[in-house]
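The values are calculated or read from the model by the stated rules, or taken from the named source; none is laboratory data. A quick note: this is a predicted structure, and the numbers were derived from the prediction, not measured. Methodologically, a virtual Cβ is constructed for each residue, glycine included, from the backbone with ideal geometry; neighbour enumeration extends over all protein chains shown.
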Amino acid sequence: MRDDLSKSISQRSDSEKDAENNRIKQIFDELTRRCQLYEEESGNGKSHVNALDIEQRVAEIYAKENQLWIPMPDLFDLGLPGPSGHENDTYVSGNNIFKVNNLLNSGGVVPLLKRVILHNIIFPETFYFFVGFTGYEGRSVMPILRQDLIKDARPATTVEIDTYMSALGFTKCSDDGKYQNTDYIVWDVMQGALSSCPFQNYRL
């Protein structure tokens, strides 16, 4: 997930962000529960499939049950196609950018949602809203996220990133974009792709 740190964006209310993060957490919990149930049932005679296949199958069913499924042809309704990278195709509409994540860097649907929750806690100024899922039915699932659009953004310099992370209470612990505080390790910041993982004392 890309973060341009050089421009400020409009701040949404904390209550709106808290409600959205709680909603994402509920989706995360439900998909995790359903994946565990599927794995348990698979041990009782169902054919074996890998964890990513299970996640995608479960996510597609959940999305269709909860009106969160957006067919691939309807993606252009999100906005005009924007820049695409290794991880996301983007669509721009007004002050919003929609990111369709292909899961290549996240390890799956559930890990991506966990990363989004943690991102929103650590970096609320570049908050992600969860829109839904798209994909090729029965084959692949891709989460859709929305952020406020940062207009005329440019990649942050190393000094700007170091200064920004220091202001958030993080200490740089390597030259490859890794920072930590008492609760989190954040890495891949130098490449503009944020990942985060909690230390043992943090519970999602």
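Which pairs have Cβ atoms under 8 Å, sit 6 or more apart or on different chains, and link a residue in region 96-107 that is free of Cβ contacts under 8 Å to residues at least 24 places away in the same chain to one that is surrounded by fewer than 21 Cβ atoms within 10 Å (Cβ to Cβ) and among the charged types (D, E, K, R)?
Filtered contacts from region 96-107: Leu104/Glu87; Ser106/Glu87; Ser106/Arg115.
Condition first: out of contact with any Ser or Thr (no Cβ under 8 Å at 6 or more places or on another chain) and under 13 Å from Met142 (Cα atoms). Now tell me which residues in region 63-77 satisfy that.
Ala63, Leu68
Condition (residue is closer than 21 Å to Ala19 by Cβ and assigned to a helix (DSSP H, G or I)) applied to region 166-175: is it met by at least one residue?
Checked region 166-175: no residue is closer than 21 Å to Ala19 by Cβ and assigned to a helix (DSSP H, G or I).
Of the residues Glu20, Glu39, Glu60, which single one is modelled with pLDDT under 95, in a helix (DSSP H, G or I) and not hydrophobic (A, V, I, L, M, F, W, C)?
Answer to the check: Glu39.
Regarding Pro143, is this residue surrounded by 12 or more Cβ atoms within 10 Å (Cβ to Cβ), in contact with a Phe, Trp or Tyr (Cβ under 7 Å, 6 or more places away or on another chain) and not hydrophobic (A, V, I, L, M, F, W, C)?
Here the answer is yes, as Pro143 does meet what is asked.
So, Leu112, is that one buried (at least 19 other Cβ atoms within 10 Å of the Cβ) and part of a helix (DSSP H, G or I) or not?
Against the criterion (buried (at least 19 other Cβ atoms within 10 Å of the Cβ) and part of a helix (DSSP H, G or I)), Leu112 qualifies.
Are any of the residues in region 126-141 in a helix (DSSP H, G or I), modelled with pLDDT under 95 and closer than 19 Å to Asp188 by Cβ?
yes
Answer with yes or no whether Leu75 is assigned to a loop (DSSP other than H, G, I, E, B) and out of contact with any Lys or Arg (no Cβ under 9 Å at 6 or more places or on another chain).
no
Would you be able to say whether some residue in region 161-174 is out of contact with any strand residue (DSSP E or B) (no Cβ under 6 Å at 6 or more places or on another chain) and modelled with pLDDT under 85?
Yes, region 161-174 contains at least one residue that is out of contact with any strand residue (DSSP E or B) (no Cβ under 6 Å at 6 or more places or on another chain) and modelled with pLDDT under 85.
Ser84 is checked against (1) under 24 Å from Tyr38 (Cβ atoms); (2) assigned to a loop (DSSP other than H, G, I, E, B); (3) of a type outside the set (A, V, I, L, M, F, W, C); (4) out of contact with any helix residue (DSSP H, G or I) (no Cβ under 6 Å at 6 or more places or on another chain) and fails just one. What number does that condition carry?
Result: Ser84 passes all but (1).
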